[in-house]
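The structure appears right after this line, and notes come after that.
The values are calculated or read from the model by the stated rules, or taken from the named source; none is laboratory data. Just so we're clear, the structure is a prediction, and the values are computed from it rather than from any experiment. For neighbour counting, all protein chains shown are included, and Cβ atoms are generated from backbone atoms with ideal geometry for every residue, glycine included. With ligands, DNA and RNA removed, areas are computed over all heavy atoms of the protein, side chains included. Shrake-Rupley method; radii C 1.70, N 1.55, O 1.52, S 1.80 Å.
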Number of protein chains: 2
Amino acid sequence: MEIKINLKERDIPRKWYNLAADLPTPMLPPLGPDGKPITPDMLAPVFPMNLIEQEVSTKRWIPIPGEILDILYRWRPAPLKRAVNLEKYLKTPAKIYYKDESISPPGSHKPNTAVPQARYNKQFGIKKITTETGAGQWGCALAFACKLIGLECKVYMVRISFDQKPFRKIMMQVWGANCVASPSNETNAGRKILAEMPDTPGSLGIAISEAIESAVTDPTGQTRYSLGSVLNHVLLHQTIIGLEAKKQLKLAGEKLPDVVIGCAGGGSNFAGLAFPFVADKINGANIKIIPVEPTACPKMTRGPFAYDFGDTACTTPLLAMYTLGHAFIPKPIHAGGLRYHGMAPLVCQGINEGLIEPKAYQQLQCYKSAMLWASTEGSICAPETSHAIAAVIDEAEKAREEGKEKVILFNYSGHGLMDLLGYDAFLSGKLTDYTLPQEEIDKYTEPLKNLPKAEVKKTGKW
Amino acid sequence: MEIKINLKERDIPRKWYNLAADLPTPMLPPLGPDGKPITPDMLAPVFPMNLIEQEVSTKRWIPIPGEILDILYRWRPAPLKRAVNLEKYLKTPAKIYYKDESISPPGSHKPNTAVPQARYNKQFGIKKITTETGAGQWGCALAFACKLIGLECKVYMVRISFDQKPFRKIMMQVWGANCVASPSNETNAGRKILAEMPDTPGSLGIAISEAIESAVTDPTGQTRYSLGSVLNHVLLHQTIIGLEAKKQLKLAGEKLPDVVIGCAGGGSNFAGLAFPFVADKINGANIKIIPVEPTACPKMTRGPFAYDFGDTACTTPLLAMYTLGHAFIPKPIHAGGLRYHGMAPLVCQGINEGLIEPKAYQQLQCYKSAMLWASTEGSICAPETSHAIAAVIDEAEKAREEGKEKVILFNYSGHGLMDLLGYDAFLSGKLTDYTLPQEEIDKYTEPLKNLPKAEVKKTGKW
């Protein structure tokens, strides 16, 4: 038995899968400031029209252009691996497979959408892309994609990360991006904040405002903005992960998995692996599909389903999603990629239907799981990925108790080599568990009642 | 055409290749303090006898035990990749292939020998391994191997790296190793230095002395020492790289390469890729085989061939090698792995025969090559690896000038994600070129004239 299942480049998926085509009830539309559904034209100053078309598409399959595949081949197809050593340690009859997305040059799944986004912008005549980044994972992926495709890239990086975590900033610079600390003096939004709070550590909300402003105010009209998760077209691009996994499971002699798991911040790595299997579940397959979030930022398990803004500054359209409120700022847990207040609307609709069953895990259990992974499988996972591994271990132990030879599939979304300070804090006993108090949730979601109401639509089949 | 050539696990090489069996003139023996060849028994307090047997073996093929392969499968066989984007950029008719050794969990080729060394120690009844590490690459690999195999691991890390580069130290701790700053208070050697120079930044020479002392003085007799390069058995274990590459080149439809390149500090990643092709050259193939060193530490291109100690404290046997003198301390260039004063004796004998043709490169050209690599192939290489890439670019440009479709093969020995401060220094214009002055070489090699003389033996065939 081979523990690494490699797909030939010629067998890479040629189409992305769009879950919107198969959801049994239609998605609630994004709303504009007037409370009415927004039209593609309203997004045109922010995104190029070819990406907006993908954002609103309900076609099931969308072809992947050859020029994009030519870039993805640098690391894709990504291997499917079997965690035989963890299985042995857990004495489980379950077979644990994972997609290794850590092997991309930026070290995570993020370039799967950064590359197509850069390519479509280039094709649309755009010269420069702006974005925000927290710890820097998304900024690195977009810098990488822009360098390979030949676009300028400007990254607004939350100041506290810019100052305290210089390494991803250097990576962005190696790939030619212009990375500045946010708030900056380069935008009205940034200047305003700096005038009020000169010593602010910054926030993702501020950085988003700066990135959007600098895109839409470029007088040449040749700059657009890019987002690394949440939106439909971002999740679409990530489905190459699950589509590859399907082919690889078949090569390994498996049928469908019994359990599919991914960590979820904005939802993109989870959706990328899971959506092609959600399609099977819609068609009758019995698959447990689990996105995992931290108990410190439990939007899926404890937030309301509501219309909310995507950013703190309330500049984006309203999205119907599970949310803790756009003003909520989670505790600084080390899984920076899981600290977003909302969840991708496509994932949320899957939750409403009962197709997707979210779980929340405490920080310490996640780090313990990461340590067990390092001592059995050998690699050091990203703090975000450790959430998926914690759930995998639970499912594998349940399979042992039930005596069932289940197939568990999860997304190894990134390596932890740029996040070693979190491991250091864990090993030094400095980390603690944290459950978000109900009062906090109530406080930050109360204002959502003044926004249009998002009705939970479901067929009740699952 | 596929740009990644993956080998099936079942096609992994089952034997290591030992160049000592095929060198046309025999190696000069290591000498003891009395100037006489040392015997295996003399090494027994330092290394387990099963590794000593490999060290002195002249058998051509040495079987790789299945238990070792079972661990290597976590990341091996490593892919052979073709750098088509760099080829296009250079407009070269040459085909550039590389073995991607950066995909191991510690991020370099080092675990290829760390795993067998840990396994043989375990088999010999050893409970604990000690070693030294500079920047931490070797310490990480040994910590990783010991964790997977179930051995204690103690790493003496040069103090200045321990203080200034905490990330590889954290990696070692994740893999359960006990990593202390050297000089430490735990050994006589360390205490003596600390008493004389309480503020010393430490050196690899001091750390080696501490690691050896703590191994040989363990009263239980169950501790041994481990070295990550230079020695015959270390190079032997690395030949899995070149043996895999041979099979993969065949799968890619190629015969033998025209040029084989690797960076060389102690020699292990270079030898691992090159030695199986040196065998072809001995048998008549026309292959240019190039180890690349920095001009700041030019032992192969400018040092004498002489008997010298492996460590600053003169505790090791005398080895016949190209050396800048055991007391030489190179400038702090960012390619920490290329700062060793000597070169593996097997590589040196290949140089004496004319089979191996070393080159030296300046730091700035290496970083420029690394930047070109990142902007074409997309990945960020280790500063050491950039030396190989600089030579690859030269050879590819020469092929363009000659109009020849050469096959160039090199070793991508590691990624640079733990070495981003070097890139930052380069991008900020803080790095300079440096050629070691002849007076320095004369000064540090003068004392070698008092040691036994190493005669250059060669057949003159190449």
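Between the amide H of residue A:410 and those of A:97, A:98, A:99, A:261, distances stay under 5 Å, these residues lying 5 or more places away or on another chain, with hydrogens modeled in the peptide plane. Taking accessible area as the heavy-atom solvent-accessible surface of the protein chains with a 1.4 Å probe, which residues of segment B:422-451 lose no less than 40 Å² upon going from the isolated chain to the full protein assembly? Residues of segment B:422-451 that lose at least 40 Å² of accessible area once the other chains are added: B:427.
Taking every residue in B:1-9 and counting other chain Cβ atoms within 10 Å of its Cβ, the average works out to 4. Between copies, residue A:447 shows label-point distances of 7.1 nm, shortest first, with the point placed 7 angstrom from Cα along Cα to C-beta.
Any chance you could run the full-extension gain for residue B:433 through residue B:459? It's 0.36 nm times the residue separation minus the Cα-Cα distance, nm to one decimal. Don't skip to the answer; put the middle values down first.
Values: separation 26, 0.36 × 26 = 9.36 nm, distance 3.68 nm.
Taking 0.36 nm per residue and subtracting the Cα distance, the gain is 5.7 nm.
With a cut-off of 8 Å between alpha carbons and a minimum separation of six or more residues, what is the relative contact order of segment A:214-286 in percent?
On the way: 64 pairs, mean separation 24.5, N = 73.
The normalised contact order for segment A:214-286 reaches 34 percent.
Kirkwood hydrodynamic radius of segment B:1-40, from the reciprocal of the average inverse Cα-Cα distance over all distinct pairs: 14.7 Å.
In this assembly of identical copies, the label point of residue A:421 (Cα plus 7 Å along Cα-to-Cβ) is separated from its counterparts by 1.4 nm, sorted shortest first.
Hey, how many Å between the Cα centroid of segment A:261-329 and the Cα centroid of segment A:80-130? Cα centroid to Cα centroid, the span is 18 Å.
Probe of 1.4 angstrom, ligands and nucleic acids ignored: what's the accessible area per residue over segment A:300-408, in square angstrom?
That works out to 29 Å² for each residue.
The charge dipole of the protein assembly as shown, taken about the Cα centre with unit charges on the Cβ atoms of Lys, Arg (+1) and Asp, Glu (-1), comes to about 1920 debye, rounded to the nearest 20.
Are there chymotrypsin sites (Phe, Trp or Tyr not before Pro) in segment B:335-441 that DSSP marks as loop and that have at most 16 other Cβ atoms within 10 Å, and which are they? For chymotrypsin sites (Phe, Trp or Tyr not before Pro) across segment B:335-441 that sit outside H, G, I, E and B with at most 16 neighbouring Cβ atoms in 10 Å, the list reads B:434. Chain B packed on chain A takes about 3600 Å² of accessible surface away from a 1.4 Å probe, both sides summed. Across peptide A:373-381, the mean count of Cβ atoms from other chains lying within 10 Å of each residue's own Cβ comes to 6. The alpha carbons of segment B:209-290 stretch over 55, 22, 20 Å along the principal axes, in descending order.
Over segment A:157-206, the fraction of Cα-Cα pairs per 10 Å bin, rounded to whole percents and listed from the shortest bin up, is 28, 50, 22, 1.
For residue A:401, inter-copy separations between label points set 7 Å beyond Cα along the Cβ vector come to 7.1 nm, shortest first.
Which of the three applies to segment A:265-400, rounded, prolate or oblate, going by the alpha-carbon gyration tensor with a ≥ b ≥ c and a/c under 1.5 meaning rounded? Don't skip to the answer; put the middle values down first.
Numbers: a/c = 2.25, a/b = 1.23, b/c = 1.82.
Note, shape of segment A:265-400 comes out oblate.
For the pair segment A:415-462 and segment A:366-413, the centres of their Cα atoms are 21 angstrom apart. The residues of segment A:86-160 expose on average 27 square angstrom of accessible surface per residue, using a 1.4 Å probe on protein heavy atoms.
Ordering A:257-266, A:286-295, B:243-252 by mean Cβ neighbour count within 10 Å, with the highest value first, yields A:257-266, A:286-295, B:243-252. Can you tell me what percent of all Cα-Cα pairs in segment A:369-451 are more than 23 Å apart? For segment A:369-451, the share of Cα pairs beyond 23 Å comes to 45 percent.
Per residue, the Cα convex hull of the protein assembly as shown amounts to 166 Å³. For chain B, the equivalent ellipsoid derived from the Cα gyration tensor has semi-axes of 31, 24, 24 Å, listed largest first. Between amide H atoms placed 1.01 Å from N, distances below 5 Å from residue B:361 occur with B:293, B:295, all of them 5 or more places distant or on a separate chain. The charge dipole of chain A, taken about its Cα centre with unit charges on the Cβ atoms of Lys, Arg (+1), Asp and Glu (-1) only, comes to about 1060 debye. Could you look at segment A:1-125 and say what percent of its accessible area is carbon and sulfur, using a 1.4 Å probe and all protein chains? Percent of accessible area from carbon and sulfur atoms in segment A:1-125: 56. Rg over Rh for segment B:310-462 works out to 1.00, both radii taken from alpha-carbon positions and Rh defined as the Kirkwood radius.
Among the GluC sites (Glu not before Pro) in segment B:388-462, which ones are in a DSSP loop with at most 14 other Cβ atoms within 10 Å of the Cβ? Mind listing them?
B:405, B:455
The phi torsions of segment B:312-326, fed into the Karplus equation with coefficients 6.51, -1.76 and 1.60 and a -60° offset, translate into couplings of 5, 7, 6, 9, 7, x, 7, 10, 8, 7, 6, 8, 9, x, 5 Hz, rounded to whole numbers, with Gly and Pro shown as x.
When Rg and Dmax are taken over the Cα atoms of segment A:78-140, they come to 17.6, 56 Å.
Rounded if a/c is under 1.5, else prolate if a/b is larger than b/c, else oblate: which is segment A:99-174, with a ≥ b ≥ c the root eigenvalues of its Cα gyration tensor?
Details: a/c = 2.22, a/b = 1.28, b/c = 1.74.
Oblate is the answer for segment A:99-174, as a/c is 1.5 or above yet b/c matches or exceeds a/b.
Oblate is the label for segment A:111-227, because the ratio a/c of its alpha-carbon gyration tensor axes (a ≥ b ≥ c) is 1.5 or higher and a/b is not greater than b/c. Size of segment A:1-153 from its Cα atoms: along the principal axes, largest to smallest, the extents are 57, 40, 34 Å.
Looking only at other chains, what is the average number of their beta-carbon atoms within 10 angstrom of each beta-carbon in A:73-85?
Details: counts 6, 10, 7, 1, 2, 0, 4, 0, 3, 0, 1, 3, 5.
Mean partner shielding for this stretch: 3.
If you check each cysteine of chain A for another cysteine whose beta-carbon is under 4.7 Å away, which ones come up empty? Isolated Cys, chain A: A:140, A:179, A:263, A:297, A:314, A:348, A:366, A:381. The contact residues of segment A:159-177, meaning those that lose at least 30 Å² of 1.4 Å-probe accessible area when all protein chains sit together rather than their chain alone, are A:167, A:170, A:171, A:173, A:174, A:175.
Dipole orientation for chain B: of the candidates B:85, B:130, B:268, B:85 has the Cα lying most toward the positive pole (charges on Cβ; Lys, Arg +1; Asp, Glu -1).
Expressed in nm to one decimal, what extension gain is obtained for the pair residue B:49 and residue B:160 from 0.36 nm per residue of sequence separation less their Cα-Cα distance?
Details: separation 111, 0.36 × 111 = 39.96 nm, distance 3.40 nm.
Full extension of this stretch gives 36.6 nm more.
Need the full-extension length gain, residue B:286 to residue B:34, defined as separation in residues times 0.36 nm minus the C-alpha distance. One decimal, nm.
Values: separation 252, 0.36 × 252 = 90.72 nm, distance 4.17 nm.
The residue B:286-residue B:34 span can extend by a further 86.5 nm.
With 20 Å² as the minimum drop in accessible area between chain alone and full protein complex (1.4 Å probe), the qualifying residues in segment B:116-152 are B:147, B:148. Take every Cα pair under 8 Å whose residues are at least 6 apart in sequence, average their separation, divide by the length of segment A:129-254, and the relative contact order is 27 percent.
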